[in-house]
Structure formats: structure tokens, C-alpha cells
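Here is the structure we will look at, set down as C-alpha cells.
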Amino acid sequence: NGRHGVVGRMVLWSAVEPWPNVVLFGEAQGETGSARREAGSEVYVEQYGARWSPADAFVLQVGKMPHVVGAFSARHLSFRNPLVDSPDGYSLVYPIGARISGVVSMFDYRAAILSKPLTHEDYSPDPSNAPRPAVGMGITPFTGFRLGGSATVGPYLNRGLAPSLLAGRDWTHYLQRIIAADVQWSRGYFESY
């Protein structure tokens, strides 16, 4: 509103490897200040889980994690530019699920069963948990350049919606289908998604 504002953010990321190839990890964030989108202060846990990686070609992860679809989750952290908020086209979603992924030569893949869809928190009701498959793959022909694609399908509504809004159908009848393509390119300190 044209006035000076202050925002303070703290991100705590921790990981431990109690056994070979097994990593337990978690991330918590705290935010306070007059320049926050909502008033007050907040502490929240973004992600946590366990990862078993016996080889680069096979990694199994369970817990609360970034969504498999899209390549924008790495760009969410605001400390890269504290004056610019997240783009309006997406909200970063951390569903609970299980994912397998890996890298073989220049190819990468990921497949998961997740609890939540990709939705925009300001434009749609908070979705209820429901199992939904998600897949993705990519190719990195040379360092700094990647082409990828991903897809998911599943319910995206809230089980608490009034029956009159659902035309007599169950909330799981309404499906969200997403097919995404992404290009990542970086050179020196320049990154583009």
C-alpha cells in the first residue's frame, strides 16, 4: 500500500543418513513481519520424509514432498528474490505420497501416488485427500538444458462441498487432468524455466 514493510523468513532444512542409502529429511519455515501477505506470524512444515537410494537409477521416497508435475517447485523459495512473490499461475503443493525416480545416462523419470492435486489456493476449494497417480520424464542432452513432461489425473474437489454443487454426483467423479511440458535452461548465473 505504498508504505515500507519488513518481512523476515527463516528456512530450516535438515537431513540425516542413519543407514547407508537411507536419508531422513525435513524442512520447516517461519515467517513474520508487516509485509506478509497475511497478518501475523506463521511456522509451517513444507516437506518431510524418508528416501532410499541404492542407485542413481532407482530412488524410493515416501512422505510430504513437492508435486511430481511441473518443474517449478525449485523456483518457489522466495529468498532468491524477496521482493517478488510466487507467480499467480500456480501454488506450490506438498502432497503426501510415495515416489520412485531415477536417472539413467541423460534420461530421468519419476512416478508417484500422491494425496493432493495441483490447485491454486486462492481460486479453488482446499482439495480433499484422494490417491492420484502422477508421472514425469525428461532428457538432459547437455549440462544446463533439460526437456521434460509430466501428467496426473484424479479428483480435485473437497468432499465437504454441498451436494447441490455436484449435480448429484460424488466429489470424486470430477477429475482434473494435467499434462505439462517444461524446458529448463541455465548458463552461468542465468536460470530459465
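What residue, among those in the stretch 122-143 that are open to solvent by less than 80 Å² (accessible area, probe 1.4 Å), of a type outside the set (A, V, I, L, M) and at pLDDT 90 or above, is farthest from the chain's Cα centre (by Cα)? Ranking the candidates gives Pro141 first. Search the stretch 1-32 for residues being in contact (Cβ under 8 Å) with a residue 40 or more places away in the chain and assigned to a strand (DSSP E or B), and hand back the single one that is farthest from Val59 (Cα to Cα). Only one residue tops the list, namely Arg9.
Does the stretch 168-182 include one or more residues that are more than 17 Å from the chain's Cα centre (by Cα), open to solvent by less than 30 Å² (accessible area, probe 1.4 Å) and either within 22 Å of Lys64 (Cα to Cα) or aromatic (Phe, Trp, Tyr) (or both)? Yes, there is a match, as at least one residue in the stretch 168-182 is more than 17 Å from the chain's Cα centre (by Cα), open to solvent by less than 30 Å² (accessible area, probe 1.4 Å) and either within 22 Å of Lys64 (Cα to Cα) or aromatic (Phe, Trp, Tyr) (or both). Filtered by the rule that a residue be closer than 20 Å to Leu92 by Cα, of a type outside the set (A, V, I, L, M) and in a strand (DSSP E or B), the stretch 38-68 gives Glu42, Tyr44, Glu46, Gln47, Tyr48, Gly49, Gln61, Gly63, Lys64.
Of all residue pairs spaced 6 or more apart or on separate chains, those with beta-carbon atoms under 6 Å, a first member in the stretch 49-63 that is without any contact (Cβ under 8 Å) to a residue 40 or more places away in the chain and a second member that is of a type in the set (Phe, Trp, Tyr) are Gly63/Tyr48.
Given the structure, is Ala35 outside any strand (DSSP E or B), of a type in the set (Gly, Ala, Ser) and open to solvent by less than 70 Å² (accessible area, probe 1.4 Å)? Considered against the rule, which asks whether it is outside any strand (DSSP E or B), of a type in the set (Gly, Ala, Ser) and open to solvent by less than 70 Å² (accessible area, probe 1.4 Å), Ala35 comes out as yes.
The values are calculated or read from the model by the stated rules, or taken from the named source; none is laboratory data. Quick caveat, the model's predicted, so the values are computed rather than measured. Here the Cβ is made from the backbone with ideal geometry for all residues, glycine too, and neighbour counts use every protein chain on show. To get the accessible areas, we keep the full protein, side chains included, count just its heavy atoms, and leave off ligands, DNA and RNA. Shrake-Rupley method; radii C 1.70, N 1.55, O 1.52, S 1.80 Å.
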